[in-house]
Amino acid sequence: MTQEIDSNNNEEPDSLQISELQRSLREYLALAELAKKQGIADSRPMKARLYLQESQLLAIEYLRRQVQAYQPTDEDLRAVYDEQVSSFTEYHLRHILLKTEEQAIEVIKQLDRGVAFTKLAKKSLDYGNKNKGGDLGWARLNTWVPEFAEAAAKLKKGEYSSIPAKTQFGYHVILMVDEPRVPKDLPPFELVRAQLIELAKQKYLGQIQKNALVSP
């Protein structure tokens, strides 16, 4: 089906289509001349619209040329691949949710003294898992709010938070239960090389747009 669509799109326009396009172009040019004679092109609102349209066209063409000229290196592609792998990596966590920072710090002190995490989890405000030792199971970092995910990503197996993680829900003490795991069915680098090139170009495009906003 895709091949059929592509072949249809590549068909040359027939003489009737060309004639219609030429007629439409002549009409537009004639109407534009009439507008100029009436001073419409000189009005401030119209000048602003024309300036905006010109700027948009120039910006689009600039970005198109930049991305077309960009050839990502193997290092670029590896970086994109690692980012994708990281986004699919799963973490096994436990947590204890407290109302105040002082309460969370006190829990950390008790953990330092050797009190079991599962025992302290009974104090958690997360009623869905407080009786399961605060176990959150296996999940990707993007499952949780950014502040929680950022704090969790810094931990190693067996480590718990030395500083409570503050979120909209309260203060969390987090424990990394196991080593993070990557799903076994992720495709190898070479198999997704073409997709990685497109992702690298999208990333490069985003960097150009971001840099343009901070350029003097």
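A few notes on this one:
- Percent of Cα pairs exceeding the 28 Å cut-off, where the set is the chain: 61
- Stokes-Einstein diffusion for the range 11-123, with the hydrodynamic radius set to the Kirkwood value over Cα pairs and evaluated at 25 °C in a medium of 0.890 mPa s, equals 109 µm²/s.
- Computed E for Gln110/Lys156 - FRET, C-beta separation, R0 22 angstrom, nearest 0.05: 0.60
- Remark: relative contact order (the chain) = 23 percent; criterion is Cα-Cα distance under 8 angstrom and separation of 6 or more residues.
- FRET efficiency, 1/(1 + (r/R0)^6) with R0 25 Å, evaluated for Leu52 and Leu21 via beta carbons: 0.45
- Cut-off 15 Å (backbone N to label point 7 Å along Cα→Cβ of Arg140), residues of the range 83-125: 83-92
- Max mean-square fluctuation residue, GNM over the chain, Cα-Cα springs under 10 Å, options Tyr81, Tyr204, Tyr62: Tyr62
- For the pair Lys122 and Ala212, a Förster radius of 41 Å applied to the C-beta separation gives a FRET efficiency near 0.15, rounded to the nearest 0.05.
- Extension gain for Ile40 to Asp14 (0.36 nm times residue separation, less C-alpha to C-alpha distance): 5.8 nm.
All of the numbers you see were taken from the coordinates with simple rules; none came from a lab. Remember, predicted model here, so these are calculated numbers, not experimental data. Every residue, glycine as well, gets a Cβ built from its backbone with ideal geometry; the counts of neighbours run over all protein chains shown.
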